[in-house]
1. Quick one: Karplus J couplings for region 26-35, per residue in order, coefficients 6.51, -1.76, 1.60, θ = phi - 60°, nearest Hz, x for Gly and Pro?
2. Grab the Cα-Cα distance for L163 and E8, subtract it from 0.36 nm times how many residues apart they are, and report the gain in nm with one decimal.
3. Whole number in Å², please: accessible area per residue of the chain, 1.4 Å probe, ligands, DNA and RNA not counted.
4. Long-range amide H contacts for R31: which residues qualify at under 5 Å (H placed 1.01 Å from N, peptide plane, sequence gap of 5 or more or a different chain)?
5. How would region 1-111 be classified by its alpha-carbon gyration tensor: rounded, prolate or oblate, with rounded meaning a/c under 1.5 and the a/b versus b/c comparison settling the rest?
6. What's the angle, to the nearest 10 degrees (0 to 90), between helix 2-17's Cα axis and the longest principal axis of the chain?
7. Among the aspartates and glutamates, select those whose C-alpha is under 14 Å from the C-alpha of K122, and discard any that sit fewer than 8 residues away in the same chain.
8. Starting from the Cα of A49, step 7 Å along the direction of its Cβ; do the same at S17; then give the gap between the two resulting points in nm.
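The values are calculated or read from the model by the stated rules, or taken from the named source; none is laboratory data. Source: prediction; values computed, not measured. All Cβ positions, glycine included, derive from the backbone under ideal geometry; neighbour counts span all protein chains shown. The protein model used for the area step is the full one, side chains on, heavy atoms only, and it has no ligands, DNA or RNA in it. Shrake-Rupley method; radii C 1.70, N 1.55, O 1.52, S 1.80 Å.
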Amino acid sequence: EETLRQQETLFRRLVESSSAFVFVYQESRLRYMNSAGGVMLGYNQVELANTDLFDLVHPNFREQVQEQIQLRLQERPAPPQYEMKVLHKDGSERWMLFTGSRIELEGNPALLGVAFDISEQKNAREVRAKLQQELFQSQKQQALGRLAGNIAQHCNNLLTPILGFTELTLEDLPPES
């Protein structure tokens, strides 16, 4: 019993000191969550315990999350992890990377989940993609500018002799012509 208590204390400290959001979801409620989840979402643990999980999920991802939960609870094949948006208490959106597995809690199926806030990485990827698009656009404009410059130079090369011969021809004509 002492060994079991020590292991329980060790695992509780491990979970509570983790920067990952560790939670147990059962029957539409968060049955357990560590403090990291509250920090990530802007809620205290009491508020989270009284909140339906789907109220925290961005509306565009609710169907996907429901499907992922059902796959895991039914022990059917599911992707090991998935990304989704959640809603912070202040209304802002955060990207989270979730993983979960089925467990038994008090004789009923539950979901043990771990989530990481990947908002900064996602935002950095989006910024990088936008910068790459802008660079590509700039390169296209630069190439178009060079093409226009070359065309103008070729036209000038053709017009110079035409204009020169026209002036010489005009000099040979009488003034009243």
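1. 8, 6, 6, 10, 7, 7, 8, 7, 7, 5
2. Values: separation 155, 0.36 × 155 = 55.80 nm, distance 9.52 nm.
Using 0.36 nm per residue and subtracting the Cα-Cα distance, I get 46.3 nm.
3. Values: 12460 Å² over 177 residues.
So the chain comes to 70 Å² accessible per residue, rounded to a whole number.
4. V24, Y25, Q26
5. Working: a/c = 1.90, a/b = 1.26, b/c = 1.51.
It is oblate, given that a/c is not under 1.5 and a/b is not larger than b/c.
6. Value to nearest ten degrees: 30.
7. Straight-line reach from K122, under 14 Å: E83, E93.
8. It works out to 2.4 nm between the two label points.
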